[in-house]
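The values are calculated or read from the model by the stated rules, or taken from the named source; none is laboratory data. Please read all numbers here as calculations on a predicted model, not as lab measurements. Positions of Cβ are backbone-derived with ideal geometry, glycine not excepted, and every protein chain shown enters the neighbour counts.
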Amino acid sequence: MRSTDRFLTTHTGSLPRPDDLVELMIAKQKGDAVDPDVLEARITEAVDESTRRQVEAGIDVVNDGEMSKPSYATYVLERLNGFGGSSNSFPFADLKDFPKLAQRVAGDPGRKYRRTPGCNAPVTVSDFDAAQQDMDRLKAAAAASGAGQIFTSAASPGVISLFFRNEYYKTHEEYVFAIAEAMSHEYETIAAAGALVQLDCPDLAMGRHVHYADATLDEFRRICEIHIEALNHAVRNIPAEQLRMHFCWGNYPGPHHCDVGLADIIDLAWKAKPHALLVEAANPRHAHEWQVFEDVKLPEGKVIVPGCIEPQSTYIEHPELIAQRIGRYADLVGPENVVAGVDCGFSIHVGMGAVDRDLSYAKLAALAEGARIASSKYFPKAA
C-alpha cells in the first residue's frame with residue numbers, strides 16, 4: 001500500500017451485485033429455499049466479473065466486491081455461533097429531526113431484510129471454510145484478470161458488537177474480546193492467502209451517533225480504545241503492513257450533522273496495528289478534514305487512504321477534482337504515504353445502493369484517471 005513512483009488506487013469493499021444475485025441473497029435472508037450450488041456458481045461468476053471490471057477501470061488493489069456477503073457486518077451470522085438473541089435497532093441521531101427521511105432510510109431494501117440478533121451464547125467459529133472459499137474465488141479471479149494486489153474486507157470486533165448487542169457476556173469488554181478471538185481465524189485466513197486484510201471499523205466513527213450519542217466524547221473514546229485493543233489482539237499474528245483499517249461514519253443518505261469530527265478520534269487510529277487508514281474525504285460532511293493533517297503528523301510507517309470519490313453520489317467526479325483531493329493530502333503527509341480511495345462501499349448491504357452497477361465502475365475509472373493526473377505532478381517519472 002505504498003508506492004514511490006505513482007499514486008496507487010483502491011476502494012473500500014462492496015460493489016453493486018448483479019440483480020439476479022441480489023434476488024438469490026435476499027431470498028436466503030428471508031429464509032426461502034435457495035439451491036446452494038446455484039448460489040455458489042452465481043457468486044463465483046459475479047466475483048470474476050467484478051474483479052475484471054476493477055482491473056479494467058485501472059484499480060491497483062482490488063477485491064471480490066463482497067459478492068458472497070449479505071452485508072459487510074451481518075455476514076458473520078453465517079460464520080459464527082452465539083447470535084440467537086433479540087433483534088437490535090439502530091437509532092441514528094442525525095435522523096431524529098427528519099422523520100420522513102428516517103422512514104426512507106429504514107425502508108431501503110438493503111436494510112429491510114437485514115438480521116441483527118443479539119449475542120445470547122458464547123461466540124465461536126461455526127464455519128471454518130467460508131473465509132478460505134472467499135480467498136480461493138478471489139485469487140482465481142485476480143489471476144485470470146491480471147490483478148496486482150488484492151484485499152478482502154472483514155468486520156472488526158467492534159462493529160460486530162455494534163450490530164449484535166450483548167445479551168450474554170458480563171461486560172462489553174469481555175464481549176468484544178470474545179468476538180476478536182473468534183474472528184482471528186478469518187483475519188489470518190485472508191492474510192495467509194497473500195491478501196491485505198481490511199478491518200471495517202464504523203464503530204470507531206459511526207458508533208458515536210448511533211449507539212453512543214448520549215455518551216460524552218471521553219466515554220466514547222474509551223469505548224473505542226477497548227475496541228482497538230480487541231482488534232490488535234485479533235490481528236496479533238499478522239504483520240502491520242498486511243493490514244488496513246476503514247474509519248466510517250455510515251454510508252446512508254442522512255444529514256450526518258451529528259458525525260464526530262476526525263480530529264476528535266484520529267489519535268486513536270494510530271494506536272491500531274494496521275499500517276493504512278482509509279477515511280471519508282469526498283462527501284460534503286468530511287471533505288474539509290484534510291486540514292486535520294496540517295496539525296496532525298502521520299506516524300512513521302502509516303499510510304493514509306482518503307476517499308476521493310463518493311459512493312452515494314451519481315455524479316462522476318471530474319478527474320481533475322480527484323487529482324486535487326489527492327494533492328491536498330500529498331502536500332501534507334508526503335506523496336509516498338497517500339493512496340487514492342473511495343469514501344465507503346457502493347452497496348454495503350445487499351440490495352442497497354444509490355449508484356448503478358455500471359456507474360460505479362465508471363466512477364472507479366475516474367478515480368484511476370485522477371490518480372494518473374496527480375502522479376504526473378508529484379512523481380515526474382510517471383508523466
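Is at least one residue of the range 84-106 surrounded by 17 or more Cβ atoms within 10 Å (Cβ to Cβ), within 18 Å of the chain's Cα centre (by Cα) and not aromatic (F, W, Y)? No: the range 84-106 contains no residue that is surrounded by 17 or more Cβ atoms within 10 Å (Cβ to Cβ), within 18 Å of the chain's Cα centre (by Cα) and not aromatic (F, W, Y).
Summed over the range 304-322, residues that are of a type in the set (A, V, I, L, M, F, W, C), under 21 Å from the mean Cα position of the chain (by Cα) and closer than 15 Å to P284 by Cβ total 2.
Considering each of H233, H211 in turn, give the residue that is modelled with pLDDT under 95 and either closer than 23 Å to K302 by Cβ or crowded, with 18+ Cβ neighbours inside 10 Å (or both). Steps first, answer last, please.
Details: H233 fails: modelled with pLDDT under 95.
So the residue among H233, H211 that is modelled with pLDDT under 95 and either closer than 23 Å to K302 by Cβ or crowded, with 18+ Cβ neighbours inside 10 Å (or both) is H211.
When we screen A41, A27, A102, A46 for residues that are within 30 Å of R208 (Cβ to Cβ) and part of a helix (DSSP H, G or I), the only hit is A102.
Taking into account only those residues within the range 33-52 that are acidic (D, E) and closer than 14 Å to D136 by Cβ, which is surrounded by the fewest Cβ atoms within 10 Å (Cβ to Cβ)? Restricting to residues being acidic (D, E) and closer than 14 Å to D136 by Cβ, the top hit is E40. Beta carbons closer than 9 Å, at least 6 apart along the sequence or on distinct chains, pair a first residue in the range 12-32 that is at positive phi and crowded, with 19+ Cβ neighbours inside 10 Å with a second that is hydroxyl-bearing (S, T, Y) and in a loop (DSSP other than H, G, I, E, B) for G13/Y72.
Among the residues in the range 338-349, are any among the hydrophobic types (A, V, I, L, M, F, W, C), in a helix (DSSP H, G or I), buried (at least 18 other Cβ atoms within 10 Å of the Cβ) and out of contact with any strand residue (DSSP E or B) (no Cβ under 6 Å at 6 or more places or on another chain)? So far as the range 338-349 goes, no, none of its residues is among the hydrophobic types (A, V, I, L, M, F, W, C), in a helix (DSSP H, G or I), buried (at least 18 other Cβ atoms within 10 Å of the Cβ) and out of contact with any strand residue (DSSP E or B) (no Cβ under 6 Å at 6 or more places or on another chain).
Going by the structure shown, is R53 within 22 Å of L367 (Cβ to Cβ) and among the basic types (K, R)? Taking the combined requirement at face value, the residue satisfies it. For the range 132-170, give me each residue that is in a helix (DSSP H, G or I), aliphatic (A, V, I, L, M), buried (at least 17 other Cβ atoms within 10 Å of the Cβ) and out of contact with any His (no Cβ under 7 Å at 6 or more places or on another chain). Those that are in a helix (DSSP H, G or I), aliphatic (A, V, I, L, M), buried (at least 17 other Cβ atoms within 10 Å of the Cβ) and out of contact with any His (no Cβ under 7 Å at 6 or more places or on another chain): M135, L138, A141, A142, V159, I160.
L268 fulfils the conditions (1) modelled with pLDDT under 95; (2) over 17 Å from the mean Cα position of the chain (by Cα); (3) not aromatic (F, W, Y) except for a single criterion, (1). Comparison of R115, R53 shows that the only residue that is over 18 Å from the mean Cα position of the chain (by Cα) and in a helix (DSSP H, G or I) is R53.
For the residues G194, G250, the requirement of being at positive phi, surrounded by fewer than 17 Cβ atoms within 10 Å (Cβ to Cβ) and either touching a residue at least 24 places away in the same chain (Cβ under 8 Å) or assigned to a helix (DSSP H, G or I) (or both) singles out G194.
Checked against (1) modelled with pLDDT of 95 or more; (2) over 19 Å from the mean Cα position of the chain (by Cα); (3) buried (at least 17 other Cβ atoms within 10 Å of the Cβ), M67 meets all criteria but (2).
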